[in-house]
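> So that we are looking at the same thing, I have put the structure below in structure tokens.
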Amino acid sequence: MKAISIQNISKWYKDTKALDHISLEVGRGQLFGLIGPDGAGKSTLFRILTTLLLADEGEAFVDGLHIEKDYREIRKRVGYMPGRFSLYQDLSVEENLSFFATIFGTTIAENYDLIKDIYVQIEPFKKRLAGKLSGGMKQKLALSCALIHKPSVLFLDEPTTGVDAVSRKEFWDMLKSLKEKNIAILVSTPYMDEATLCDKIALIQEGKILKIDEPEAMMAQFERPLFAVKTNSTYQLLKHLRVQSFTHSVLPFGECLHLVTTEALSPESIQEQLRSQGFIDVEVSKIRAGIEDVFLDLSHKAGNHA
Amino acid sequence: MFFWTYPIKQETMPNTKVIQVAGLTKQFGDFVAVDHISFEVEKGEIFGFLGANGAGKTTAMRMLTGLSKPSSGKGKVAGFDVLKESERIKERIGYMSQKFSLYEDLTVKENIRFYGGIYGLSRNQIGTKTSQILEELQLSEVGTKPVRSLPLGWKQRLAFAVSMVHEPEIVFLDEPTGGVDPNVRRQFWEAIYQAAELGRTIFVTTHYMDEAEYCDRISIMVSGKIKALDSPENLKKQFKASSMDQVFLKLAR
């Protein structure tokens, strides 16, 4: 039995199709990433799976239980950390945690093992009001609260949005250790660079799944030749490359441009061509695709021009 | 592409440094939010201003934009003194943030007219700018639609264009790209590149480290001080890191 099984789920908000025939499965002890920008439908899917919203079409099972028929039982078994912090701002750290333990009919002591590694980091501030915590500490408290009743499936909706790089890293380390306790985790994020920290990912855009696979496999399947091109006059080069016959696509990627070509070319020949056009300082190297390259490629195929 | 900007009037910018600050400090009681920061930004440069939450970025930016008076230190922004001429600075800079920029229930044209008016443009100038912006951004068909009905990417480019309606020397972009749609983000950076190419200086604050790599140079603030300042490439070399994320982790820990 899968931890989560989704079959053809669709959801409309008036005329907008928020989810369009979504199907995916998450195994026990799997860390599954739902990767996509704002408006992709990630939160809608989370609300459906946590039985807070009804789907218009399709079926889904969480921990083997039907999301409509068995909604009461599901609510006891899942942990949910919504995108906006769900904490009571005017309760202290300790009070928030015992509140969540109480409504699930348990105590902090009973499942302390599970949250220990996370909670010790905020325990020095246990008398502080949740509203007065920093972003990173709120996130740790929210995760502790979502875990206190020992759920079998954990839903984390954009847990790292708006927190800084240090807290983000710590948070992913915590998820890794939870996974080892055989909890299935569905986590959503708009950050493409977090994709490789998951066992398996689904790329999602405008309510549709673009692709599901292991991140490594997804990157390895990128079909066309991909090059990183670097120069001091990035914008000039971008305009130049955009109109070349060998260019399939060219996009800014931080310090360099990522060039996808329509045919197999050597980096030297591209470099040569660009030098002859006056881009003296240009450096071209063949690179492996990252998840963001894959996403951009698939999203263009799907006809997105946001 | 379809972005617009204007060449900057040279006579207002006799030297090529558009931001020069030395020892800029802001204290709130005993707490030193910004602690003697010094740096310079060149005309046409894309300058990234980074730091964790609470590092002092916002306070520093408030001083640079004339919204907060420094406790000590000196500096010039767009040719004007940060201590004595903050009102003049405000006239010569543009500002855009993710949280506050366009009025959602005003139409595209009304937003342009509103900001044009705030910056003291004449009725004629506003008319000219409006048609320029609509044409360059290919928004003519939605000119009379409320901004709320536009897709995020369009809104963002419109907000950027509106922040430059008065042809400022410098545009401050305060956490400009939320949502992190890879397509939208790239369109936005192209607009930034284009503005910079025409001589506009771009000052960006962000806490997305991968985004920082689009900048010409980056400064990283930690506890009120600038701990690193260089091009992304040099910073990665200096900290023996493969990404800005790693540079940041090494500095912040």
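All of the numbers you see were taken from the coordinates with simple rules; none came from a lab. Keep in mind that what you see is a predicted model, and the values were worked out from it rather than measured. When we count neighbours, we look across all protein chains shown, and the Cβ atoms used for this are built from the backbone with ideal geometry, even at glycine.
> Helix B:182-197 versus the longest principal axis of chain B: what angle, 0 to 90°, nearest 10, using Cα atoms?
On a 0 to 90 degree scale, this one is about 90.
> If you count, for every residue in A:167-173, the Cβ atoms of partner chains within 10 Å of its Cβ, what is the mean? Please report the intermediate quantities before stating the final value.
Details: counts 3, 4, 5, 0, 0, 0, 0.
Averaged over the peptide's residues, the number is 2.
> So how do B:Arg62, B:Arg186 line up by other beta-carbon neighbours within 10 Å, fewest first? Can you show the working numbers first?
Numbers: B:Arg62 16, B:Arg186 20.
Ascending number of Cβ neighbours within 10 Å: B:Arg62, B:Arg186.
> If you don't mind, another one. Which value in nm describes the separation of the simple spin-label points at B:Gln20 and A:Ser152, placed 7 Å from the Cα toward the beta carbon?
Each label point is offset 7 Å from its Cα along the Cβ direction, giving 7.0 nm.
> Then there is this: Please turn the phi angles of the range B:209-217 into ³J(HN,Hα) values with the Karplus equation 6.51 cos²θ - 1.76 cosθ + 1.60 (θ = phi - 60°), one per residue in order, whole Hz, x for glycine and proline.
5, 5, 5, 4, 5, 7, 7, 5, 9
> Whole-Hz Karplus ³J(HN,Hα) for the range A:14-23, in order, using 6.51 cos²θ - 1.76 cosθ + 1.60 and θ = phi - 60°, x for Gly and Pro?
6, 8, 8, 8, 7, 10, 10, 6, 8, 9
> Of A:Ile201, A:Val187, A:Leu147, which is farthest on the positive side of the dipole of the range A:135-204, counting Cα position, with +1 on Lys and Arg Cβ, -1 on Asp and Glu Cβ, and the Cα centre as origin?
Result: A:Leu147, furthest along the dipole toward the positive end.
> Taking a 19 Å limit on the Cα-Cα distance, which of the listed pairs B:Lys109/B:Lys145; A:Lys2/A:Lys169; A:Lys286/B:Lys237; B:Lys57/B:Lys84; A:Lys14/A:Lys208; A:Lys42/A:Lys138 fall beyond it? Write out the running numbers ahead of the final one.
On the way: B:Lys109/B:Lys145 8 Å; A:Lys2/A:Lys169 28 Å; A:Lys286/B:Lys237 21 Å; B:Lys57/B:Lys84 22 Å; A:Lys14/A:Lys208 17 Å; A:Lys42/A:Lys138 22 Å.
Flagged as over cut-off: A:Lys2/A:Lys169; A:Lys286/B:Lys237; B:Lys57/B:Lys84; A:Lys42/A:Lys138.
> If the only charges are +1 at each Lys and Arg Cβ and -1 at each Asp and Glu Cβ, what is the size of the charge dipole of the range B:10-252 around the Cα centre, to the nearest 20 debye? Walk me through the numbers on the way to the answer.
Values: 31 positive and 30 negative charges, 96 e Å.
Once rounded to the nearest 20, the dipole reads 460 debye.
> Using just the C-alpha positions of the protein assembly as shown as equal point scatterers, what log10 of I(q)/I(0) does the Debye formula give at each q in 0.07, 0.09, 0.11 1/Å?
-0.46, -0.77, -1.13
> Could you give the nm distance between label points at A:Tyr88 and A:Ala217, where each point is 7 Å from its Cα heading toward the beta carbon?
Spacing of the two 7 Å Cα→Cβ label points: 4.5 nm.
> Starting from the Cα-Cα distance between A:Ala302 and A:Ser285, subtract it from 0.36 nm times their residue separation and give me the gain in nm to one decimal.
Numbers: separation 17, 0.36 × 17 = 6.12 nm, distance 2.78 nm.
Full-extension gain reported as 3.3 nm.
> Sticking with this structure for a sec: Relative to the longest principal axis of chain B, what angle (0 to 90°, nearest 10) does the C-alpha long axis of helix B:123-136 take?
It is inclined by approximately 80 degrees.
> For the range B:10-252, what is the percent of antiparallel DSSP beta bridges, rounded to the nearest 5? Kindly include the intermediate steps, with their values, before the conclusion.
Working: 21 of 41 bridges.
About 50 percent, rounded to the nearest 5.
> Gain in length, A:Lys17 to A:Ser98, computed as 0.36 nm per residue apart minus the alpha-carbon separation, to one decimal in nm? Don't skip to the answer; put the middle values down first.
Values: separation 81, 0.36 × 81 = 29.16 nm, distance 3.92 nm.
My answer for the length gained is 25.2 nm.
> Given the options B:Gly73, B:Gly44, B:Gly224, which has the most mean-square fluctuation in a GNM of chain B, springs set between C-alpha atoms less than 10 angstrom apart?
Residue with maximal mean-square fluctuation among B:Gly73, B:Gly44, B:Gly224: B:Gly73.
> With axes computed from alpha carbons, what is the tilt in degrees of helix B:152-163 against the longest principal axis of chain B, rounded to the nearest 10 within 0 to 90?
So the inclination is approximately 80 degrees.
> Right, next: What average count of beta carbons from other chains do you get within 10 Å of the Cβ of residues in A:251-264? Write out the running numbers ahead of the final one.
Details: counts 7, 10, 6, 11, 10, 2, 0, 1, 0, 0, 0, 0, 0, 0.
Per residue, the average neighbour count from other chains is 3.
> Determine the shape class of the range A:223-287: with a ≥ b ≥ c the square roots of the Cα gyration tensor eigenvalues, call it rounded for a/c under 1.5, and otherwise prolate if a/b is greater than b/c, oblate otherwise.
Details: a/c = 1.40, a/b = 1.22, b/c = 1.15.
Rounded, because the longest to shortest axis ratio a/c is under 1.5.
> So, R0 is 35 Å and r is the distance between the beta-carbons of A:Ser233 and B:Asn53; what FRET efficiency does that work out to, to 0.05? Write down the numbers at each step before the final one.
Details: r = 34 Å, r/R0 = 0.98.
So, using R0 = 35 Å, E works out to roughly 0.55.
> I'd like the mean, over residues of B:214-225, of how many other protein chain beta carbons sit within 10 Å of each residue's own Cβ. Numbers along the way, then the final one.
On the way: counts 5, 2, 3, 0, 0, 0, 0, 0, 0, 0, 0, 0.
For peptide B:214-225, the averaged partner shielding equals 1.
> Before anything else, pin down the relative contact order of chain A: Cα pairs under 8 Å, at least 6 apart, normalised by residue count, whole percent. Walk me through the numbers on the way to the answer.
Details: 571 pairs, mean separation 61.2, N = 306.
Reported as a whole number, the value is 20 percent.
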